[in-house]
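In what follows, a structure is listed as C-alpha cells, so that the remarks can point back to it.
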Amino acid sequence: MTSQTGNTARGRIDLRSDTVTQPTEAMRKAMAEAEVGDDVYGEDPTVLRLEQLAAELLGKEAALFVTSGTQGNQVAIATHAGRGEEVIAEAEAHIFYYEAAAVAAIAGAQIRQLKGTHGALDPDDVKAAIREPNVHHPRTALVSLENTHNRAGGTVIPLENLQAIRRVADEYGVPVHMDGARLFNAAVASGASAKAIAETVDTVQICLSKGLCAPVGSLVVGPREFIERARQWRKRMGGGMRQAGVIAAPGIIALTKMVDRLAEDHANARWLAERLAELPGVTVNLETVQTNIVIADIGLTGLSVPEFLARLQDRGVLATSFGGTRIRFVTHHDVTRADLEAAVPAISRVIAGA
Ligand SMILES: *Cc1c(COP(=O)(O)O)cnc(C)c1O
C-alpha cells in the first residue's frame, strides 16, 4: 500500500482550506474494497448505504449523493425555486459569492441578499423580505441559510436564530434550505446535534470533502418526494454517477469516524487566532473564531495581501486572500498543533520582514 502523502509530508503547512485534506488510510482501503453497482439504476449498494446513513444522521427521509457542495446546493435550489422566482440569502452566502452565479444560470432565480450578523439573518429582516403577491413581485420561493458561515469566519448560526427563521418561513409557507457544507463543525462547536440543527430546515447540503477528509462528494438531505425531484436535477446537471460506491465508501467513514475529531481543529484554530492577535499589525476578531476558520486582517502590517502570502509561502505556510486586507487560515485533519507552532514564527518573521 502506498504511504500517505499529507501536507506536512510535502514539507508545507497548508492552511488554505479544509478541502486540502487527504483521504485517510481507512478511506483508501474502503475505496479499494467497496461493493459497487450502477447508481443511475439505483444499484450501487455503497451509495445507497451512504445516503441512508446521511438521512438518519440528519433525521430526514432521504438523501442524494452529489459530486460537490456546489452541485448539492444548486440541485436543491433548482428543485425549490424556478425561473423568475426569488431566493433569500445572507449577503455573502457561498451560493451568491462562490458558485459562479449558478442560481441565476441554472434555477433562473434571483437572490435577495440580506446583511446578517456573523452570518445569521435577522428573522424580522427575513419576514420583511418575503414578497406579498403582486404583479410586480417575484414569488419568494426559498430562504437559504449557511451554517457554519464561511465568509463570516466559520461562525455557528445559533439554534434559536434558526428556529425563529423557521417560524417566519412557516407563517408564509416558504421552504428553508441550509448550505451545511460545514454543518458538523457547527454541531461539534455548539453541542447541538446535527439532527437538531437540520430539524429547523427542509433540506440540507453537507460536504464530505472538507474537514471530514473524504476525497469527493456531498449529500442533499430532505423529504423523500423532494429528493426524487432533486435526483432528476442532478441527472440534468451531469451528476448521475455509475459505480460511485468507490467514492461513497470514504464518505461513510467521513460521517461515522471523522465528525468528533473536528473539535481538535476548532481548538487549533482558537490557538492560532490567539497567537495571531498578538502579532504587530494583525487584527483578529476572536469573537468570530468559533470553528476551524481564522480571518486575520493584516492591513496594519504595511504588507499587501499578495506580498504577505507570497512571503509566507516561501516559508512553507499557505493561506488564502479573503478580500480587502484579510487572509483566511483554516485548520483541519492534516495540520497538527506542532505545525501551527511552526507556522506562527514564520508568520511573525514575514511581518518583521526578517
Ligand atoms: C465549500 C463550500 C461549498 C461548496 O463546496 P464545493 O464542494 O467546493 O463545491 C458550499 N458552501 C460552503 C459554505 C462552502 O464552504
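The values are calculated or read from the model by the stated rules, or taken from the named source; none is laboratory data. Just so we're clear, the structure is a prediction, and the values are computed from it rather than from any experiment. Quick reminder, even Gly has a Cβ in these numbers, built from the backbone with ideal geometry, and neighbours come from all protein chains shown. Only protein heavy atoms, including side chains, enter the accessible area calculation; ligands, DNA and RNA are left aside. Shrake-Rupley method; radii C 1.70, N 1.55, O 1.52, S 1.80 Å.
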_For Glu56, net neighbour charge (Lys/Arg +1, Asp/Glu -1) across residues whose Cβ lies under 14 Å away_ = +1
*Search the structure for amide H atoms under 5 Å from the amide H of Thr320, placed 1.01 Å from N in the peptide plane, and list their residues when 5 or more places away or on another chain.*
Arg328
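Against the 2.2 N^0.38 Å scaling, with N counting residues, where does the range 25-257 land? I'd like the Cα-based Rg ratio to two decimal places.
My calculation over the Cα atoms of the range 25-257 gives 0.98.
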*What net charge is computed for the residues neighbouring Asn73, neighbours being all others with C-beta under 14 Å from the C-beta of Asn73, Lys and Arg scored +1, Asp and Glu -1?*
-2
*asked:* Taking amide H atoms as placed 1.01 Å from N in the peptide plane, list the residues 5 or more away in sequence, or in a different chain, whose amide H sits under 5 Å from that of Met178.
replied: Leu145, Thr203, Val204, Gln205
*If you place +1 on the Cβ of every Lys and Arg and -1 on the Cβ of every Asp and Glu, how big does the dipole about the Cα centre of the chain come out, in debye to the nearest 20?*
620 debye
*Tally up the carbon and sulfur contribution to the accessible surface of the chain as a whole percent, 1.4 Å probe, everything protein left in place.*
51 percent
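Take the cross-link list Lys60/Lys235; Lys60/Lys195; Lys210/Lys257; Lys60/Lys127 and give me the ones stretching past 20 Å between alpha-carbons. Walk me through the intermediate numbers first.
On the way: Lys60/Lys235 22 Å; Lys60/Lys195 8 Å; Lys210/Lys257 14 Å; Lys60/Lys127 26 Å.
The answer is Lys60/Lys235; Lys60/Lys127.
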*How large is ³J(HN,Hα) for each residue in the range 136-149, as worked out from phi by the Karplus curve 6.51 cos²θ - 1.76 cosθ + 1.60 (θ = phi - 60°), to whole Hz, x for Gly and Pro?*
7, 9, x, 7, 6, 9, 6, 10, 10, 10, 10, 8, 5, 8
*What figure in square angstrom, to the nearest 10, would you give for the accessible area of Glu43 with a 1.4 Å probe?*
110 Å²
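Just to confirm a number: summing +1 for Lys and Arg and -1 for Asp and Glu over residues other than Lys115 whose beta-carbon lies under 11 angstrom from that of Lys115, what do you get? Provide the component values of the computation, followed by the final result.
On the way: positive: none; negative: Glu90, Glu92, Asp122, Asp125.
Spelling it out: positives minus negatives among the neighbours equals -4.
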_Under the 0.36 nm per residue contour assumption, what length would be gained going from the current alpha-carbon distance of Thr19 and Val40 to full extension?_
4.9 nm
_FRET E, pair Leu286, Ala129, Förster distance 30 Å, beta-carbon r, rounded to 0.05_ = 0.45
*Once amide H atoms are placed 1.01 Å from N in the peptide plane, what residues at a sequence separation of 5 or more from Glu43, or on another chain, have their amide H within under 5 Å of its amide H?*
Asp38
*Would you check the accessible area of Asp202, probe 1.4 Å, heavy atoms only, in square angstrom rounded to 10?*
50 Å²
*Approximate spin-label separation Ala91-Asp170, in nm, with each point projected 7 Å along Cα-to-Cβ*: 3.0 nm
*To the nearest 10 square angstrom, how much accessible area does Ser17 have with a 1.4 angstrom probe?*
20 Å²
